[in-house]
1. Return the residues of the range 1-50 that are surrounded by 15 or more Cβ atoms within 10 Å (Cβ to Cβ), hydroxyl-bearing (Ser, Thr, Tyr) and either farther than 14 Å from residue 67 by Cβ or more than 11 Å from the chain's Cα centre (by Cα) (or both); say none if nothing qualifies.
2. Identify all residues within the range 59-89 that are assigned to a strand (DSSP E or B) and under 15 Å from residue 2 (Cα atoms); write none if there are none.
3. So if I check each of 45, 12, which one is in contact (Cβ under 8 Å) with a residue 40 or more places away in the chain and more than 25 Å from residue 86 (Cβ to Cβ)?
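Only the coordinates and a few stated rules stand behind these numbers; no lab work does. Quick caveat, the model's predicted, so the values are computed rather than measured. Glycine gets a Cβ as well: all are built from the backbone with ideal geometry, and neighbour counts include every protein chain shown.
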Amino acid sequence: MKAVVAVIGKDTVGILAKISAICAGDNVNVMDVTQTIMQDMFAMTMLIDISKCSEEYSVLADKLKKAGEEMNLQVHVMHEDIFNSMHHV
């Protein structure tokens with residue numbers, strides 16, 4: 001199973017490191033990541049493999065959202081089932 005993580009906010013040092021550390025701590029593999037900085041705004045999208053996650057999906061999502069709040073960022077986590085349903089024609 002996979003999930004998509006989107007992170008948006010003012011660029012600061014350590015955003016990728018913090019989000020990745022939470023994933024690694026819960027045995028979640030980062031499969032792909034793209035990030036860009038537009039002036040001082042940071043945007044990142046990650047594809048993560050949650051099939052071996054040591055926590056429930058909702059717990060992981062809450063951890064990532066809380067980390068975002070602590071860094072004044074918006075973090076959205078979407079399970080692949082929801083993502084696929086939204087984009088299925």
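1. 45
2. Of everything in the range 59-89, those that are assigned to a strand (DSSP E or B) and under 15 Å from residue 2 (Cα atoms) turn out to be 76, 77, 78, 79.
3. Within the list 45, 12, the selection yields 12.
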